[in-house]
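First up is the structure itself, then whatever we jot down about it.
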Amino acid sequence: MKNMHFKRKLPIPMDIKARYPLTEALAKIKATRDEVIADVFTGKSDKMVLIIGPCSADREDAVLDYCERLAKLQEKVSDRLVLIPRVYTNKPRTTGDGYKGLLHQPNPEQDVDMLEGVIAIRRLHTNVLANTGLSTADEMLYPDNYRYLSDLLAYVAVGARSVENQEHRLTSSGIAVPVGMKNPTSGDLSVMLNSIMAAQHKHTFIYRGWEVNTTGNDLAHAILRGYVNHHGEARPNYHFEELEHLYDIYAAKGLQNMAVIVDANHSNSAKKYMEQPRICKEVLHSCRHSEHIQSMVKGFMIESYLEPGAQKIGQGIYGKSITDPCIGWAETEKLVCDIAELI
């Protein structure tokens with residue numbers, strides 16, 4: 001193929017897992033966490049989940065530092081919140097250009113190295129679990145790559161640009177942990193709900209060269225992330241009226257475990273990252289005034305890192321995002337404690 005050069009064949013997930021195995025002790029910790037998280041989405045628990053962390057997991061040392069702080073914070077709020085570190089190792093890019101995450105570039109200042117990237121993402125997710133006892137969340141940008149992390153992830157997100165894709169939907173139906181389906185950038189909620197329906201059903205399809213059967217994922221659910229109107233302007237969809245509307249159309253679908261996570265950044269904040277605390281508190285206010293909303297909202301997705309804001313690649317500020325801006329640790333600690341008090 002003139003336009004595609006096959007550089008090298010990467011190890012299959014089974015081989016990478018054998019080289020970097022999950023110990024029996026860590027597997028038990030993850031299994032316990034899986035039950036706790038599932039209970040939130042099924043309604044057995046009245047806790048909320050926070051999928052919280054950097055926009056992109058750009059360097060292992062800072063991400064581990066962040067997650068270790070998060071683990072100490074989890075101890076303080078364990079009676080009300082379940083904190084899931086957001087360790088996003090591959091990034092969708094609107095135009096295709098720019099930093100695509102740790103999977104592509106283990107060192108953002110060096111060339112793409114997908115082999116080292118596959119190793120780096122597995123090592124990072126494993127080390128977070130080993131160092132903190134917290135299992136992690138990642139975005140499923142490439143369905144084929146999910147298997148490299150399938151024994152480690154506590155939560156999987158399908159992004160706004162992927163939610164209509166058939167392979168993402170069918171792969172989600174074979175995942176045993178909660179999968180959040182974001183509304184598309186257009187804001188069409190029917191697309192998101194159809195994706196949830198597809199993920200909750202069983203399927204037969206081709207995956208990684210195999211004919212596979214899936215049983216369906218009852219924990220597939222909605223993520224509201226705002227949208228972009230026909231003028232290209234960011235618009236939120238977390239307000240009381242939008243949540244009530246989502247409840248009505250969600251219930252009409254007859255889906256299992258009706259649930260929504262509110263993404264406090266992206267188009268909901270118009271990428272004004274310091275608005276995230278206000279948005280979370282407004283949604284919690286809506287929960288107090290509507291039993292429907294309270295039963296449906298299971299938590300938040302928050303972009304947070306050690307230092308507030310964002311920087312360009314190469315500036316070298318430890319713990320500061322190189323993609324979208326994030327709230328810093330001081331704001332993070334206060335927000336998590338505030339949410340725990342308000343639910």
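Every number in this text was worked out from the coordinates using simple rules, so none of it is lab data. Just so it is clear, the model here is predicted, and its values are computed rather than measured. Note that we place each Cβ from the backbone using ideal geometry, even for glycine, and neighbour counts take in every protein chain shown.
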Long-range HN-HN contacts of Val49 with modeled amide H, under 5 Å: Val82, Gly299, Phe300
Candidate values (1) 28, 24, 21; (2) 31, 25, 19; (3) 34, 22, 18, label of the one derived for semi-axes √(5λ) of the Cα gyration tensor in Å: (1)
Estimated inter-spin distance, Asp97 and Arg161, nm [label 7 Å along Cα→Cβ]: 1.3 nm
Glu139, Glu116 arranged by Cβ crowding within 10 Å, fewest neighbours leading: Glu116, Glu139
Karplus-derived HN-Hα couplings along segment 267-274 (A = 6.51, B = -1.76, C = 1.60, θ = phi - 60°), whole Hz, x at Gly and Pro: 6, 5, 9, 6, 6, 8, 4, 6
Relative contact order [Cα under 8 Å, 6+ residues apart], segment 23-342, whole percent: 17 percent
Computed helical MRE - 222 nm, the chain, DSSP H runs ≥ 4 contributing -39500 (n - 2.57), nearest 500: -12000 deg cm²/dmol
Those chymotrypsin sites (Phe, Trp or Tyr not before Pro) in segment 1-108 that DSSP places in a loop and that have at most 13 other beta carbons within 10 Å: Phe6
Label point distance in nm, Lys312-Glu241, each placed 7 Å from Cα along Cα→Cβ: 4.2 nm
Karplus 3J(HN,Hα) series, Hz, for segment 331-343 with 6.51 cos²θ - 1.76 cosθ + 1.60 (x for Gly, Pro): 5, 5, 4, 5, 5, 4, 5, 5, 4, 4, 6, 8, 8
Least to most buried among Ser321, Ser267 (fewest other Cβ within 10 Å first): Ser267, Ser321
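Identify the trypsin sites (Lys or Arg not before Pro) of segment 244-343 meeting these criteria: DSSP loop state and at most 10 other C-beta atoms within 10 Å of the C-beta. Show your work: numbers first, answer last.
Numbers: sites: Lys253, Lys271, Lys272, Arg278, Lys281, Arg288, Lys298, Lys312, Lys320, Lys334; in loops: Lys271, Lys272, Lys312, Lys320.
Listed in order of number, the matching sites are Lys312.
Counting other beta carbons within 10 Å of each residue's own, what order do Ile302, Ile293, Ile322 fall into, fewest first? If you can, show how the numbers build up before the last one.
On the way: Ile302 27, Ile293 20, Ile322 23.
Fewest to most other Cβ atoms nearby, the residues stand as Ile293, Ile322, Ile302.
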Cleavage-rule hits, trypsin sites (Lys or Arg not before Pro), segment 25-80, DSSP coil, Cβ neighbours within 10 Å at most 12: Lys44
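Highest mean first, how do 221-230, 17-26 rank when packing is the count of other Cβ atoms within 10 Å averaged over residues?
Details: 221-230: 21.2, 17-26: 12.8.
Highest to lowest by the protection proxy: 221-230, 17-26.
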Whole-Å distance, taken between Cα centres, linking segment 163-181 and segment 267-327: 24 Å
